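Student: One structure, pasted below without further comment.
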Amino acid sequence: MSKLELSHIGKIYDGGVRAVDDFNLTVEDGEFIVLVGPSGCGKSTMLRMVAGLESITEGTFSIDGKVVNNLPPVERDISLVFQNYALYGNMSVYDNVGMSLKVRHRPKVEIYEHVINTSKFLGIEEFLNRYPNQLSGGQKQRVALGRSIARNPQLFLMDEPLSNLDAKLRAFTRGEIVRIQKKLGITTIYVTHDQVEAMTMADRIVIMKNGMLQQFGTPTEVYNFPCNEFVASFIGMPPMTIISGKIQNRFFVWDNLRLKLNSNLYERVKNYEGKEIKLGFRAENISIEDGDNSLKAKVRFKEYLGGSYSLFLMLGTNKITATVDDEIDVDKEFLNIKIDQSKIHFFNAETRERIK
Ligand code: ADP
């Protein structure tokens, strides 16, 4: 059992840099949580405070109801995995994986059983006699995982553990880590700047910006219902297109274009009549379609993705991206497009919050 509660956590470094501000989060036992955000947003600082490697300036951190703010790292029963695998170069894979049991003076036969079971589980049993410099990046990462599993910690903390791997291996190892975590059921906090990792691995995602938590939710929640403009453009590839305009008589108008809003959408924004507002939609919510309420877009260029095209278009003065089936003829100077109105979001131009 390990349920984490972070309550009003703040971090101010010596010299006055505020890295984390009023951060609140409850992590349920066995959950896989990903902290994601741009570089410098405070992710690693959060993780290091949870690990006990960094002091907590404000707020309380508790594990299973017990406040651990001042508990030293070794007493937190936490296992850390970083991007630089931190394997012992002068020890074989076998000794690396068995290390934590050895330092606890466990009997040799227990270490043997443990190393064999863990390495089978991770698919590294054929490398047990090798040394770290005889392994690929992906193999090293699995050994590092093996070493952290061996401790059977109550909490896994991982800081960008895949960033040294090439793209293909990264995609594979993502799945492996999730599989292992689910099997062991150990509560995990994983830090990354890569929203794809966040979306594919997390039970729930924490999106951070400037030391502040922006949104906490499942991948589908944060994708479909981003709380603000930042989350809308940070989560999802390509980012959500966001256009500034005005509401005028049931129309969203910008440049010399106008989009008639259906009654559901208009209901949401009717209080903004005449005011600046932002409209957002995703690449897959665009269809190439002529007719009532379609918009004329100029084609800039296309990228073939196999099965679909990414189309880069101009809609008035706004650059937009559309993902369309590769059976559609897109080799034209202009295309008529429709935006699925059930997927349109509006954002308050001042607060940048999504209008609900
Ligand atoms: P991230 O992991 O999201 O890239 P960090 O947690 O490393 O962000 O950093 C958050 C902020 O705190 C940044 O502005 C960074 O410059 C600052 N920072 C990080 N470590 C220290 C430190 N030891 N002393 C002073 N400022 C720091």
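The values are calculated or read from the model by the stated rules, or taken from the named source; none is laboratory data. Just so you know, these numbers come straight off a predicted model, no measurement behind them. Please note: Cβ atoms are built from the backbone with ideal geometry, for glycine as well, and neighbour counts cover all protein chains shown.
Student: Being touching a helix residue (DSSP H, G or I) at 6+ places or on another chain (Cβ under 8 Å) and either more than 20 Å from K168 (Cα to Cα) or without any contact (Cβ under 8 Å) to a residue 60 or more places away in the chain (or both) is the filter here; which residues of segment 184-203 pass it?
Tutor: L184, T188, I189, M199, T200
Student: Separate question: Of everything in segment 207-235, what is assigned to a loop (DSSP other than H, G, I, E, B) and either closer than 21 Å to A19 by Cα or in contact with a helix residue (DSSP H, G or I) (Cβ under 6 Å, 6 or more places away or on another chain) (or both)? Give them in sequence order.
Tutor: Those that are assigned to a loop (DSSP other than H, G, I, E, B) and either closer than 21 Å to A19 by Cα or in contact with a helix residue (DSSP H, G or I) (Cβ under 6 Å, 6 or more places away or on another chain) (or both): N210, G211, P226, I235.
Student: Quick test of your reading of the structure: E176 fulfils all but one of (1) outside any loop (DSSP other than H, G, I, E, B); (2) within 16 Å of the ligand (Cβ to nearest atom). Name the failing condition by number.
Tutor: (2)
Student: If I ask for residues that are away from the ligand (no atom under 16 Å from the Cβ) and either aliphatic (A, V, I, L, M) or in contact (Cβ under 8 Å) with a residue 60 or more places away in the chain (or both), which ones from segment 35-64 would you list?
Tutor: I63, D64 - these are the residues of segment 35-64 that are away from the ligand (no atom under 16 Å from the Cβ) and either aliphatic (A, V, I, L, M) or in contact (Cβ under 8 Å) with a residue 60 or more places away in the chain (or both).
Student: Here's another thing I want to ask about it. Considering R106, R142, R147, R130, which residue is in contact (Cβ under 8 Å) with a residue 60 or more places away in the chain and either out of contact with any strand residue (DSSP E or B) (no Cβ under 7 Å at 6 or more places or on another chain) or part of a loop (DSSP other than H, G, I, E, B) (or both)?
Tutor: From the options R106, R142, R147, R130, the qualifying one is R147.
Student: Does Y309 satisfy the criteria of being surrounded by 17 or more Cβ atoms within 10 Å (Cβ to Cβ), under 32 Å from the mean Cα position of the chain (by Cα), more than 14 Å from T241 (Cα to Cα) and among the aromatic types (F, W, Y)?
Tutor: Answer is yes for this residue.
Student: If you check V206 against the conditions, is it aliphatic (A, V, I, L, M), without any contact (Cβ under 8 Å) to a residue 24 or more places away in the chain and more than 21 Å from S310 (Cβ to Cβ)?
Tutor: no
Student: Please tell me if Y94 is buried (at least 18 other Cβ atoms within 10 Å of the Cβ) and modelled with pLDDT of 90 or more.
Tutor: yes
Student: Here is a check on your reading of the model: is G245 over 17 Å from P38 (Cα atoms), touching a Phe, Trp or Tyr at 6+ places or on another chain (Cβ under 9 Å) and surrounded by 15 or more Cβ atoms within 10 Å (Cβ to Cβ)?
Tutor: Considered against the rule, which asks whether it is over 17 Å from P38 (Cα atoms), touching a Phe, Trp or Tyr at 6+ places or on another chain (Cβ under 9 Å) and surrounded by 15 or more Cβ atoms within 10 Å (Cβ to Cβ), G245 comes out as yes.
Student: Turning to a different aspect of this structure: For I9, state whether it is part of a strand (DSSP E or B), at pLDDT 95 or above, within 16 Å of the ligand (Cβ to nearest atom) and more than 16 Å from T188 (Cβ to Cβ).
Tutor: yes
Student: Out of segment 162-173, which residues are outside any helix (DSSP H, G or I) and out of contact with any Gly (no Cβ under 8 Å at 6 or more places or on another chain)?
Tutor: If the condition is that a residue be outside any helix (DSSP H, G or I) and out of contact with any Gly (no Cβ under 8 Å at 6 or more places or on another chain), then L162, S163 are the ones that fit.
Student: Next question. Residues to consider are N152, N164; find the one that is within 17 Å of K183 (Cβ to Cβ) and modelled with pLDDT under 85.
Tutor: Matching residue, one of N152, N164: N152.
Student: Among the residues of segment 241-260, which ones are in contact (Cβ under 8 Å) with a residue 60 or more places away in the chain and either outside any loop (DSSP other than H, G, I, E, B) or under 16 Å from the mean Cα position of the chain (by Cα) (or both)?
Tutor: If the condition is that a residue be in contact (Cβ under 8 Å) with a residue 60 or more places away in the chain and either outside any loop (DSSP other than H, G, I, E, B) or under 16 Å from the mean Cα position of the chain (by Cα) (or both), then T241, I242, I243, S244, W254, L259 are the ones that fit.
Student: Kindly provide the set of residues from segment 183-217 that are crowded, with 20+ Cβ neighbours inside 10 Å and within 12 Å of the ligand (Cβ to nearest atom), ordered by number.
Tutor: Result: V191, T192, V206, I207, M208, G211.
Student: While we're on this one: Sort out which residues of segment 17-31 are within 16 Å of the ligand (Cβ to nearest atom) and either surrounded by fewer than 13 Cβ atoms within 10 Å (Cβ to Cβ) or not small (G, A, S) (or both), and write them in order of number.
Tutor: Across segment 17-31, the qualifying residues are V17, R18, V20, D21, D22, F23, L25.
Student: Looking at segment 262-279, which of its residues are of a type outside the set (S, T, N, Q) and either assigned to a helix (DSSP H, G or I) or out of contact with any Phe, Trp or Tyr (no Cβ under 6 Å at 6 or more places or on another chain) (or both)?
Tutor: L265, Y266, E267, R268, V269, K270, Y272, E273, G274, K275, E276
Student: Does segment 90-103 contain any residue that is in a loop (DSSP other than H, G, I, E, B), more than 16 Å from the ligand (Cβ to nearest atom), among the aliphatic types (A, V, I, L, M) and closer than 30 Å to N164 by Cα?
Tutor: Scanning segment 90-103, I find at least one residue that is in a loop (DSSP other than H, G, I, E, B), more than 16 Å from the ligand (Cβ to nearest atom), among the aliphatic types (A, V, I, L, M) and closer than 30 Å to N164 by Cα, so the answer is yes.
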